[in-house]
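Heads up: the structure comes next, in structure tokens.
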Amino acid sequence: MTVEAATQPSKLRWGELEEDDGEDLDFLLPPKQVIGPDENGIKKVVEYKFNDEGNKVKITTTTRIRKLANARLSKRAVERRSWPKFGDAVHEDVGARLTMVSTEEILLERPRAPGSKQEETKVAGDPLAQMGKGGAVLMVCRTCGKKGDHWTSRCPYKDLAQPSETFIDKPPSDANAAAGGVTKGAYVPPSMRGGGTTERSGTDMRRRNEENSVRVTNLSEDTREPDLLELFRPFGAVSRVYVAIDQKTGTSRGFGFVNFVNREDAERAINKLNGYGYDNLILRVEWAAPRAN
Amino acid sequence: MRPILMKGHERPLTFLKYNRDGDLLFSCAKDHNPTVWFADNGERLGTYRGHNGAVWSCDVSRDSAMLITGSADQTAKIWNVKTGTPVYTFNFDSPTRSVDLAVGDKLAVITTDPFMGLTSAIHIKQIARDPDDQIGESVLTLKGPQGRINRAVWGPLNRTIISAGEDSVVRIWDSETGKLLKESDKEDGHKKPITSLSKSTDGSHFLTGSLDKSAKLWDIRTLALIKTYVTERPVNAVAMSPLLNHVVLGGGQDASAVTTTDHRAGKFEAKFYDKILTEEIGGVKGHFGPINALAFNPDGRSFASGGEDGYVRLHHFDPDYFNIKI
């Protein structure tokens with residue numbers, strides 16, 4: 001851009017002009033001139049202006065017009081660009097903000113990390129390796145414990161397995177404790193009911209949940225309590241199974257607890273099932289830590 | 001990518017359509033005004049005022065001069081794209097659901113819903129070049145399928161019409177005689193109502209999306225099932241990339257269940273699948289409600305999704321989208 005000041009002889013005297021300031025003097029200027037764009041895309045715009053001191057100034061702006069490489073619009077589309085607005089769009093004020101660019105960066109979320117799939121296919125190429133990896137380890141019957149022979153649902157010994165024990169959800173102490181306290185008029189919290197047995201029922205209930213309790217983590221989302229019971233029952237009598245469910249989504253949070261009647265059974269279950277492949281995930285089974293409070 | 005959000009509609013979106021050059025995007029919603037947007041920056045060009053009910057679908061002529069819309073006010077209207085003025089109105093006895101222009105823009109197929117004892121029907125109308133010569137009579141009316149016909153489109157060379165709807169059967173009709181030529185069979189076909197149908201760019205195959213949580217790819221001539229894409233949620237909208245071997249499925253849980261569950265449970269994503277391997281490539285999140293409409297720009301470099309939330313989201317792909325490998 002070049003700016004050249006040209007002092008051109010003017011017909012009017014500056015002194016006369018000073019008097020009527022505020023008046024628009026642009027009519028005294030020659031009109032704006034546009035030259036080009038030529039074959040090199042050079043466009044010249046010549047304008048005349050009064051500067052602050054009242055002198056006439058000639059401004060020449062030289063620009064180069066470039067065509068964008070990726071702008072491959074058809075002639076019709078370019079024409080449509082200049083169509084006048086119609087319908088409700090006519091009265092659109094600037095503040096309407098109907099069209100906004102998201103403030104959030106949205107990505108195409110891949111279901112698995114890129115690249116992880118390639119390894120899998122490499123393994124799949126070798127049939128022997130696949131047998132060792134996918135078949136034998138993962139296909140473990142949870143009823144009879146046979147590896148690589150059949151799935152749990154197809155177990156031929158299914159009927160021979162002992163039927164699942166019914167849970168006793170309510171501790172039996174609850175019933176008589178409640179019966180003891182009703183005669184009094186004032187409210188008595190359940191833990192205080194039944195007079196002398198106060199601390200017994202409270203601590204007893206808590207101990208029930210913590211006794212021989214095994215924590216199972218890295219469960220798949222589809223695992224439900226009956227599945228967990230099915231998995232742990234072969235090790236001994238199970239008194240309680242619990243899978244943590246997200247209240248909001250209704251999906252499993254991926255961990256649960258199993259209580260055994262006998263401590264030895266729990267220990268055996270931990271030794272056996274820690275690191276066991278279940279539903280394409282490796283289970284982690286350990287003693288449940290007592291709650292901090 | 002940073003999608004462009006277009007909030008021109010006050011009610012859920014029902015349909016999206018790009019013109020052939022890919023510079024205009026037409027959106028239909030349950031509010032009564034179809035809207036046209038510039039597809040590059042999302043600026044609103046105009047609205048088409050005149051319908052008196054939800055607008056279910058639209059189609060635009062090859063030269064982008066004429067728009068046809070079908071609405072629940074029992075009419076289908078022809079519009080001047082540039083000025084937004086209605087040119088002609090087809091009157092029916094029941095709400096119109098789907099409209100599709102034939103190659104050459106001389107014929108249109110319009111479907112009507114079952115209503116007040118009337119059964120659903122597929123009407124073929126002649127479209128006159130000069131609006132003054134336009135007549136309302138149907139060339140042909142096809143009846144037979146039970147329930148709503150959610151989509152009817154033209155087959156190759158305008159010789160056939162492909163219809164799909166609530167009875168979850170895909171049908172191919174002869175567009176001249178009105179004879180039923182082919183029907184999808186029980187084993188291959190969808191198990192629940194078909195909500196959407198989209199043709200490939202070359203017109204050799206088409207994709208149907210259904211509430212049975214799957215989408216199926218069919219050969220347009222033989223009606224042979226080519227592929228099935230399985231997803232976790234009912235599919236409300238389908239689209240196929242004209243550039244890459246990708247299909248996009250949109251959906252989400254039932255709108256009535258949205259407020260009772262966490263937003264994470266909804267899964268209101270546009271899911272990308274590899275067309276050939278039927279494997280999921282990824283998902284694009286953003287809508288607050290189920291996705292009701294999807295459309296790919298004819299250049300394959302952007303796509304638009306319309307949701308129950310009333311927003312149109314315009315996504316221009318990042319360069320790395322074009323290098324995705326499975």
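Just to confirm a number: summing +1 for Lys and Arg and -1 for Asp and Glu over residues other than A:Asp222 whose beta-carbon lies under 15 angstrom from that of A:Asp222, what do you get?
On the way: positive: A:Arg142, A:Arg224, A:Arg253; negative: A:Glu221, A:Glu225, A:Asp227, A:Glu230, A:Asp246, A:Asp279, B:Glu232.
Net charge in that neighbourhood comes out at -4.
When the scattering of the range B:96-230 is computed by the Debye formula from its Cα atoms alone, each counted once and equally, what is log10 I(q)/I(0) at q = 0.15, 0.16 Å⁻¹?
With one equal scatterer per Cα and no solvent, log10 I(q)/I(0) is -0.68, -0.77.
Could you list the residues of the range B:16-37 with an amide nitrogen less than 14 Å from a label point located 7 Å from the Cα of B:Asp299 in the Cα-to-C-beta direction?
Taking a point 7 Å out along Cα→Cβ of B:Asp299, the residues of the range B:16-37 whose backbone N falls under 14 Å are B:19-25.
How long are the three semi-axes of the equivalent ellipsoid for the range B:211-326, computed from the Cα gyration tensor as the root of 5 times each eigenvalue, in whole Å, largest first?
Working: eigenvalues 105, 64, 32 Å².
Equivalent ellipsoid of the range B:211-326: 23, 18, 13 Å, largest first.
Could you work out the helix-only [θ] at 222 nm for chain B, with each DSSP H run of four or more residues adding -39,500 (n - 2.57) and the total divided by the number of residues, to the nearest 500 deg cm²/dmol?
Numbers: 1 runs with 4 residues, N = 326.
Result for chain B, helices only: 0 deg cm²/dmol.
Calculate, for A:Leu229 and B:Leu243, the FRET efficiency according to 1/(1 + (r/R0)^6) with r their C-beta to C-beta distance and R0 51 Å; round to the nearest 0.05. The partial results should precede the final answer.
Working: r = 51 Å, r/R0 = 1.00.
According to the calculation, E is roughly 0.50.
Using 7 Å Cα-to-Cβ label points, what is the A:Asp279/A:Leu28 separation (nm, one decimal)?
In this crude label model, A:Asp279 to A:Leu28 measures out at 8.8 nm.
Using alpha-carbon pairs under 8 Å, 6+ residues apart, how would you state the relative contact order of chain B in percent? If you can, show how the numbers build up before the last one.
Numbers: 931 pairs, mean separation 43.8, N = 326.
RCO, chain B: 13 percent.
Separation of the range A:232-293 and the range B:1-69 by C-alpha centroid, Å?
54
Over the whole of B:137-148, what's the average partner chain Cβ count within 10 Å per residue? Rounded to a whole number, please.
Numbers: counts 0, 0, 0, 0, 0, 0, 0, 0, 0, 0, 0, 0.
The per-residue average across the peptide is 0.
For B:273-285, what's the mean count of beta carbons from other chains sitting within 10 Å of each residue's beta carbon?
Working: counts 0, 0, 0, 0, 0, 0, 2, 3, 4, 7, 5, 4, 5.
Per residue, the average neighbour count from other chains is 2.
Work out the FRET efficiency for B:Phe115 and A:Thr217 from their Cβ-Cβ distance, taking R0 = 45 Å, and round it to the nearest 0.05. Working shown, then result.
On the way: r = 56 Å, r/R0 = 1.24.
Approximately 0.20, to the nearest 0.05.
Can you give the Rg to Rh ratio of chain B, both from alpha-carbon atoms, with Rh computed by the Kirkwood formula?
Details: Rg = 18.3 Å, Rh = 19.6 Å.
Result: Rg/Rh = 0.94.
Using r as the Cβ-Cβ distance of B:Glu10 and B:Glu43, and R0 as 25 Å, what FRET efficiency do you calculate, to the nearest 0.05?
Working: r = 19 Å, r/R0 = 0.75.
Efficiency computed from Cβ-Cβ geometry: 0.85.
What is the Cα coordinate range of the range B:1-98 on the first, second and third principal axes, sorted by size from largest, in whole angstrom?
Computed over the Cα atoms, the extents are 45, 29, 19 Å.
How would you rank A:Phe255, A:Phe86, B:Phe322, A:Phe232, going from fewest to most other Cβ atoms within 10 Å of each one's own Cβ? Let's see the in-between values first.
Numbers: A:Phe255 16, A:Phe86 19, B:Phe322 11, A:Phe232 24.
Lowest count first: B:Phe322, A:Phe255, A:Phe86, A:Phe232.
Ranking request for peptides B:1-14, A:39-52: highest mean number of other beta-carbon atoms within 10 Å first, then the rest in descending order.
Working: B:1-14: 20.4, A:39-52: 12.4.
Put in order of decreasing packing, that is B:1-14, A:39-52.
Just grab the label-to-label distance for B:Asp219 and A:Glu104, each label 7 Å out from Cα along the Cβ direction, in nm (one decimal).
Distance between the two pseudo-spin positions: 4.3 nm.
Could you give the size of the charge dipole of chain B about its Cα centre, using +1 on the Cβ of each K and R and -1 on the Cβ of each D and E, expressed in debye and rounded to the nearest 20? Spell out each step's value before the answer.
Details: 39 positive and 40 negative charges, 51 e Å.
So the magnitude is around 240 debye.
Do the alpha carbons of any pairs in B:Lys186/B:Lys267; B:Lys271/B:Lys325; B:Lys17/B:Lys213; B:Lys106/B:Lys213; B:Lys143/B:Lys271; A:Lys43/A:Lys75 sit beyond 25 Å of each other, and which pairs?
Too far apart for the 25 Å limit: B:Lys186/B:Lys267; B:Lys106/B:Lys213; B:Lys143/B:Lys271.
Could you check the spin-label model distance between B:Ile135 and A:Glu286? Points 7 Å from the Cα along Cα→Cβ, value in nm.
8.3
Take peptide A:75-85, look around each residue's Cβ out to 10 angstrom, count Cβ atoms belonging to other protein chains, and average those counts.
On the way: counts 1, 7, 10, 2, 1, 10, 5, 0, 8, 4, 6.
The per-residue average across the peptide is 5.
We did not get these values from a lab; they are worked out from the coordinates using the rules stated. Values in this document were obtained by computation on a predicted structure and should not be read as measured data. No Cβ is skipped: glycine too gets one built from the backbone with ideal geometry, and neighbour counts run over all protein chains shown.
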